[in-house]
Every structure is written in structure tokens, then in C-alpha cells.
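Here's the structure we're looking at; comments come further down.
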Amino acid sequence: MAADAAEPREAGSGGPNHGLRIFLMWLPVSLAADLLIWFVWGPHLPPGDMSTSAASQQFDIAVMAVMAAPVMALVLIYFGYALVVWHRRPGDNTDGPPIHGNSRVQASWIICTSALVLSLAVFGTYELVNTQGAGAGEGPSAIWKPGGSPLQVQVIAQQWRFTYRYPQFGGFETTALVLPENTWIQFNVTSLDVIHSFWAYQLGVKADANPGVNNIAYTKPIQLGSITVRCAELCGLWHGAMYNYGSVVSPAAFQSWAKSTEVKLAAVTKMLPPYATTYDPTVIPQINKAMAKAGITGANGLYYPPEDPVQP
């Protein structure tokens with residue numbers, strides 16, 4: 001009886017074509033999964049499509065998900081099929097057939113997985129060296145930059161605030177990050193004290209802020225809305241509270257805000273060091289004296305809000 005039960009599983013016994021069965025189950029499942037990922041899930045993937053760099057990252061994630069779904073579907077369907085069809089049956093105490101390899105299956109697996117991996121390598125390399133470098137800071141010498149003259153916004157990180165200088169509007173410094181829609185932005189990211197990380201989530205921009213280094217990142221906001229900015233690098237006691245908010249507004253609204261802010265902060269701007277991509281640490285007290293006069297507290301240079309403990 002045990003031998004009879006094992007008979008259908010012997011190699012070459014003329015049993016069902018398991019490979020064809022698995023393929024016919026896998027094909028519609030993987031096709032449905034890819035269609036759902038691309039058309040239903042894809043438009044809602046993080047970080048959204050508020051800027052060119054964010055939309056680029058959303059596209060990258062969708063492409064990788066579409067490539068991964070058929071592989072995941074194959075593994076799960078094969079696993080389920082094996083549990084149902086090849087499980088041990090009552091009274092069958094024999095060993096399985098002594099199969100040592102299947103060159104056709106092995107070759108197919110190697111070819112398919114190699115094609116996937118190499119395709120992802122080519123795609124990933126192209127996306128990194130193309131527009132915005134996947135939204136990451138590219139150092140002082142960016143490998144890609146947009147044409148024309150982008151709006152420059154310097155991101156100055158310090159414990160535990162982000163401030164922003166606008167060199168094309170007199171170099172005023174403010175905690176308000178305001179950007180015009182449909183305009184290329186050049187972020188020049190630096191730090192006055194320790195290592196921070198400028199992460200403008202909805203824009204898909206994340207760049208390290210290192211002392212003495214100018215880290216450039218490009219993006220073009222393409223939708224109006226609010227921006228959440230956080231520090232993504234552990235930078236001290238109040239790292240978790242180092243965040244603020246910005247907004248993308250119309251070009252006319254930005255021009256009005258920038259010009260009025262330039263006039264409003266003119267006296268404070270005179271106290272700041274001349275605009276540069278990085279700053280000498282010895283001028284930090286001077287910078288923060290101006291910030292304190294402008295009502296901006298909580299930055300390095302002993303200007304702490306009353307509720308904050310003194311830094312050790």
C-alpha cells in the first residue's frame with residue numbers, strides 16, 4: 001500500500017505537469033498584483049508627488065514593487081502548492097524520489113533572477129545620476145543640476161533649529177521655509193555645530209548637514225501645500241524636537257513674502273556674517289545674537305528657551 005501511494009510521485013511516472021499548473025496559477029496572480037500596485041497603490045506611495053524629486057522616488061518605489069511582486073507571488077504559490085499536493089499522506093512512510101537536480105528549473109531561475117538584479121542595478125544607477133540624484137544631497141559639486149538660475153535656499157542646521165537664508169533677497173535668515181511653485185530650488189545645506197540631517201519629507205529631499213560642508217540638493221515643487229522638515233540624524237538632547245514646517249506657495253505670493261521679509265529683517269540681516277556656503281564656527285555667537293534679537297530662540301550659542309535644560 002505504501003509503495004502504491006508513493007507511485008504517482010516517482011519521476012517519469014507520467015503524472016500531472018506540476019510546473020504548468022504552478023505557472024497557470026502564478027500568471028494571473030502576478031498580473032493582477034502588478035496592475036494593482038501600479039494603478040491603485042502606486043499613486044499613494046510615499047513620499048507623494050509634491051515635487052519632482054518626490055515624484056521620482058515614488059516612481060522608483062513603484063517600479064521596484066512591480067518587479068518584486070511576481071517573484072513574491074511565485075514563492076508563495078509554490079509554497080502553497082507544495083503543501084497541498086506534495087504533503088505526506090496517511091500511511092505513506094516512504095522517502096521521496098531521489099531527485100538531485102533539474103537543469104531546466106535551475107537555468108530558468110538563474111536567468112530570471114540575474115535579469116531582475118541586473119535590471120534593477122541599471123535602473124538604480126540611472127536614477128541616481130539623473131535628475132535630483134534621488135533627492136539626496138550631492139555634496140558641493142553636484143553631478144546633475146537644472147538649467148537656468150534656481151532659487152537658492154541655504155539650510156542652516158544647529159542645535160536644535162533649522163533656519164533658512166535667502167541670498168537672492170539680501171541674505172535674510174528666518175525659520176520660515178517658503179518656496180515658490182514650479183521653480184527649481186537649490187538647497188545649500190550646512191551646519192553650525194554637529195552633524196544634522198535636513199529631511200523635507202513631502203519634497204523627497206534628504207541631505208546631511210555637516211559643519212564646514214555645503215551639501216547641495218535640487219528639487220522643483222509642483223504642488224501647493226505644507227512641508228514637514230525634520231532632523232534625521234541624532235544630534236543631541238533635543239533631536240526629537242528639531243522640526244518645523246514650511247509651505248509651497250504661488251510664485252506671486254512667494255515674491256511678496258520674500259520682499260516684505262527682506263525689509264522686515266533688514267536690521268537683523270546687517271548683524272549676520274556675509275552670506276557664504278559655510279560659516280566659521282567662531283561667528284556662531286554673532287549669528288545667534290542676531291537670531292535672538294529677531295525673537296528666534298533655541299539655537300546653539302546659549303540661547304535656550306526657558307523650558308529647555310542647559311546643555312551639559
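The values are calculated or read from the model by the stated rules, or taken from the named source; none is laboratory data. Here the structure is a predicted model, which means the values were calculated and not measured. Backbone-built Cβ (ideal geometry, glycine too); neighbour counts: all protein chains shown.
Below are the figures for this structure:
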{"item": "Qualifying residue in segment 217-232 (condition: under 23 Å from Leu272 (Cβ atoms) and over 18 Å from the mean Cα position of the chain (by Cα))", "result": "no"}
{"item": "Candidates Val71, Val29, filtered to the one that is hydrophobic (A, V, I, L, M, F, W, C) and at pLDDT 95 or above", "result": "Val29"}
{"item": "Subset of segment 187-205 (residues that are more than 29 Å from His44 (Cβ to Cβ) and touching a Pro at 6+ places or on another chain (Cβ under 9 Å))", "result": "Asn188, Thr190, Ser191, Leu192, Asp193, Val194, Ile195"}
{"item": "Single condition Val85 does not satisfy, out of (1) buried (at least 17 other Cβ atoms within 10 Å of the Cβ); (2) touching a His at 6+ places or on another chain (Cβ under 9 Å)", "result": "(1)"}
{"item": "Checking Leu179 against (1) farther than 23 Å from Thr269 by Cβ; (2) of a type outside the set (Val, Ile, Thr); (3) not in a loop (DSSP other than H, G, I, E, B), the condition it does not meet", "result": "(1)"}
{"item": "Pair list, Cβ under 7 Å, 6 or more apart: segment 243-270 residue more than 26 Å from Trp199 (Cβ to Cβ), other residue surrounded by fewer than 13 Cβ atoms within 10 Å (Cβ to Cβ) and of a type in the set (D, E, K, R)", "result": "Val268/Lys293"}
{"item": "Complete set of residues in segment 138-176 that are assigned to a helix (DSSP H, G or I) and among the hydrophobic types (A, V, I, L, M, F, W, C)", "result": "Phe169"}
{"item": "Ser247 vs. criteria over 22 Å from Ser53 (Cβ atoms), hydroxyl-bearing (Ser, Thr, Tyr), at pLDDT 95 or above and not assigned by TED's automatic domain parsing to the domain that holds His44", "result": "no"}
{"item": "Output for segment 182-225, where each listed residue is touching a residue at least 40 places away in the same chain (Cβ under 8 Å), in a loop (DSSP other than H, G, I, E, B) and farther than 19 Å from Trp238 by Cα", "result": "Asn182, Thr183, Gly204, Gly212, Val213, Asn214, Lys220, Ile222, Gln223, Leu224"}
{"item": "Counted residues, segment 93-146 - those being surrounded by 14 or more Cβ atoms within 10 Å (Cβ to Cβ), of a type in the set (Gly, Ala, Ser) and at pLDDT 80 or above", "result": "1"}
{"item": "First in segment 95-118 and in the same structural domain as Leu74 (by TED's automatic domain parsing) and outside any loop (DSSP other than H, G, I, E, B), second anywhere and among the basic types (Lys, Arg) and surrounded by 11 or more Cβ atoms within 10 Å (Cβ to Cβ), Cβ under 8 Å, 6 or more apart", "result": "none"}
{"item": "Residue list for segment 186-204, restricted to those being more than 15 Å from Ile156 (Cα to Cα) and surrounded by 24 or more Cβ atoms within 10 Å (Cβ to Cβ)", "result": "Leu203, Gly204"}
